[in-house]
Amino acid sequence: MRQQDIILWDFDHTILNTEQGLYGPLLDQLAKEIARERQFVDEMFVRANDQTFTFSIFFELLGIDRSLWGALEAELQADLRRRMPDCLYPGVLEVIKQQHERGSRQVLVTAGDPDYQRWKFGSLESLQPFFASEDRHFVPLSGSKADVVVEHLDLRHRLTFIDDSARWHYELLSRTSRVRHLRAMWPDTLGVLSHRDDGYLWGVFQSAEELKRLLANDR
Ligand SMILES: [Mg+2]
């Protein structure tokens with residue numbers, strides 16, 4: 001029987017250009033308004049971690065009346081939703097489609113506020129056909145993506161885990177001997193680090209073209 005490939009995809013900064021593409025324009029605009037209103041911009045505060053991204057910190061900084069927060073947030077979310085399709089990294093959808101056509105099972109594994117992550121992923125209609133509902137994992141910040149990866153390691157599948165953050169690769173390596181054992185038995189397991197240069201990796205890609213080549217060479 002032909003063995004099925006499983007590809008586990010991270011979402012933010014791997015499929016979606018979250019920080020620069022999605023939040024960048026909005027944060028720049030909010031930062032300007034905050035600077036105008038309050039005469040200061042705390043860069044660290046404004047560049048809030050996207051995984052705990054909330055609009056309320058900006059509303060608070062801007063001194064906006066609380067009764068307006070709900071409507072304003074709905075407006076900003078609608079803006080994000082509209083821009084989201086343009087924030088997929090170039091070529092990534094093509095790789096996902098190609099792997100789908102090859103019969104690979106594609107699994108989403110994203111960490112963050114599950115409701116917010118679900119909302120973001122659900123806003124991208126082009127991705128929906130390629131990830132079965134049981135293959136969408138929204139891991140809370142208190143959880144671990146490594147758990148999801150480990151669940152998918154078994155002898156019937158070749159597994160590829162694609163994530164821009166080195167943290168999860170380290171965590172996977174530091175897990176039980178089962179992971180090391182399987183990894184040793186499983187040369188096709190490939191950790192791919194994208195867009196950042198600060199971590200351990202088995203393979204790196206800087207563009208979807210490179211990723212496509214890596215996947216093709218790995219198979
Ligand atoms: Mg990521």
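The values are calculated or read from the model by the stated rules, or taken from the named source; none is laboratory data. Being a predicted model, the structure only gives us computed values, none of them experimental. Neighbour counts run over all protein chains shown; Cβ positions are idealised from the backbone, glycine included.
Observations on the structure shown:
- For segment 160-180, residues that are at pLDDT 75 or above and either of a type in the set (Val, Ile, Thr) or closer than 17 Å to His137 by Cβ (or both) total 10.
- Scan of segment 33-64 for residues that are closer than 18 Å to Arg83 by Cβ, part of a helix (DSSP H, G or I) and modelled with pLDDT of 65 or more, ordered by number: Phe58
- Leu27 being closer than 14 Å to Leu80 by Cβ, more than 16 Å from the ligand (Cβ to nearest atom), surrounded by 13 or more Cβ atoms within 10 Å (Cβ to Cβ) and at pLDDT 60 or above: yes
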